[in-house]
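In what follows, a structure is listed as structure tokens, so that the remarks can point back to it.
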Amino acid sequence: LIVRKNSIIWWDFTSMHNLMIVDNLEDYQDNKFNKENTIKISTDKPDKETLITIMDKPGEFYFACTVQSHAQNGHKIIIQVI
């Protein structure tokens, strides 16, 4: 996904998912997520969750759901901010 700087991204998901930002492409591609290379930006709520992120910094950002096998099944996205 390519967005302009200061775009707003809405994330809607259930408690069966989470949202992490991964700090490098290699770990994102290999689905290697740990405390050293990710930042969790969702909470563990019992039901639905909506997050809003403002993409205010140019660059490439790697987001993934780190629940078991979710990223391997496609629950991840690269967002390029221009």
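No lab work stands behind these numbers, since they all come straight from the coordinates. Keep in mind that this is a model prediction, so the values were computed, not measured. Please note: Cβ atoms are built from the backbone with ideal geometry, for glycine as well, and neighbour counts cover all protein chains shown.
Summary of values
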read-out	value
Signed unit charges on C-beta, dipole axis of the chain, positive-most listed residue Tyr28, Thr50, His70	Thr50
Nonlocal amide H pairs with Lys32, under 5 Å, H built at 1.01 Å	none
In nm, spacing of pseudo-spin labels at Lys35 and Trp10 (7 Å Cα→C-beta vector)	3.5 nm
Using alpha carbons only: equivalent-ellipsoid semi-axes of the chain, gyration tensor based, whole Å	19, 17, 10
Contact order relative to length of the chain, as percent, for alpha carbon pairs under 8 angstrom and 6 or more apart	44 percent
Nonlocal amide H pairs with Thr66, under 5 Å, H built at 1.01 Å	Asn18, Met20
³J(HN,Hα), Karplus 6.51/-1.76/1.60, whole Hz, each residue of segment 20-35, x for Gly, Pro	10, 9, 9, 7, 8, 5, 4, 5, 4, 5, 8, 6, 9, 10, 8, 5
Calculated [θ] (222 nm, deg cm²/dmol) that DSSP helices of n ≥ 4 give over the chain, each run adding -39,500 (n - 2.57)	-1500 deg cm²/dmol
